[in-house]
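The values are calculated or read from the model by the stated rules, or taken from the named source; none is laboratory data. Just so it is clear, the structure is predicted and the values come from calculations on it, not from any experiment. Neighbour counts run over all protein chains shown; Cβ positions are idealised from the backbone, glycine included.
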Amino acid sequence: MTEAIQKLRELVNGSDNMVFFGGAGVSTESGIPDFRSTDGLYHQVWNYPPEVILSHTFYESKPEEFFRFYREKLLNPDVQPNAAHLKLAEWERQGKLRAIVTQNIDGLHQAAGSQEVLELHGSVHRNYCERCGRFYSMSDILKSQGVPRCSCGGPIKPDVVLYEEGLDQRILSSAIKAIANADLLIIGGTSLNVYPAAALLDYYRGHKLVLINRSAVARDLDADLVIQEPIGEVFSQL
Ligand code: ZN
């Protein structure tokens, strides 16, 4: 065990009010690619950058193309939680972890058994009719074709925060409260360049800040411990 892992273990053992703040890197080890990292094949299949397709304007103006992207890139029915998701769920059961604040929309924390998951950007597991509010699951959307329609005829919209849309204020204030009261804050799998989510970290008032990310982080944080490795690999050693 490395010194960094040992220090992380000590911090976790000494905490009973931990909050985890996570991003796309938490799910990459489950096989969910970060849609912001586009590969060479991307431009052969898609005519627009992901930030454009996942905007409110695009959803309204080109819904066919939006749902083609949504089904192919964001709906991953066969993925499983990895060591990071499972360890966080275990810490919650043990009374050490108070909340998970996540930028991910894949529902893998809940699949691992976590209860208090604050999904800043929503979830692909929830889709609603814009007319009557009826709920549709991910598999309902996968079974549908083109622009999905409710049995009432209304359009079904994913409960996902698109670009140009604001965050859910209730979730945001719960996240602020959890972070402000945390004794230990672990930030994982995010390079912190997605705002306003990244600005949430300014509410942390504790003195135990841990940063775990595969690559360097955009913001200069005064972290007590920095581990530059994939988070699933790190957590599997705890
Ligand atoms: Zn409806």
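Data for the structure
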| quantity | calculated |
| --- | --- |
| All helices (runs of 4 or more DSSP H) inside the range 39-115 with 2 or more residues being more than 23 Å from Arg149 (Cβ to Cβ) and out of contact with any Asp or Glu (no Cβ under 7 Å at 6 or more places or on another chain) | 42-45, 50-53, 83-93, 108-112 |
| Single condition Ile156 does not satisfy, out of (1) buried (at least 18 other Cβ atoms within 10 Å of the Cβ); (2) touching a Phe, Trp or Tyr at 6+ places or on another chain (Cβ under 9 Å); (3) within 30 Å of Gln237 (Cβ to Cβ) | (3) |
| Output for the range 219-238, where each listed residue is touching a helix residue (DSSP H, G or I) at 6+ places or on another chain (Cβ under 6 Å) and either polar (S, T, N, Q) or without any contact (Cβ under 8 Å) to a residue 24 or more places away in the chain (or both) | Ser236, Gln237 |
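Rundown of residues vs (1) farther than 28 Å from Leu225 by Cα; (2) under 21 Å from the mean Cα position of the chain (by Cα); (3) surrounded by fewer than 16 Cβ atoms within 10 Å (Cβ to Cβ), yes/no style:
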{"position": "Thr2", "(1), (2), (3)": "no, no, yes"}
{"position": "Val26", "(1), (2), (3)": "no, yes, no"}
{"position": "Val45", "(1), (2), (3)": "yes, no, yes"}
{"position": "Phe69", "(1), (2), (3)": "yes, yes, no"}
{"position": "Trp91", "(1), (2), (3)": "no, yes, no"}
{"position": "Arg98", "(1), (2), (3)": "no, yes, no"}
{"position": "Gln110", "(1), (2), (3)": "no, yes, no"}
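Residue by residue, here is whether (1) more than 17 Å from the chain's Cα centre (by Cα); (2) modelled with pLDDT of 90 or more; (3) more than 26 Å from Asn13 (Cα to Cα) holds:
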{"site": "Cys150", "(1), (2), (3)": "yes, yes, yes"}
{"site": "Pro155", "(1), (2), (3)": "yes, yes, yes"}
{"site": "Leu162", "(1), (2), (3)": "no, yes, yes"}
{"site": "Ser174", "(1), (2), (3)": "no, yes, no"}
{"site": "Asp183", "(1), (2), (3)": "yes, yes, no"}
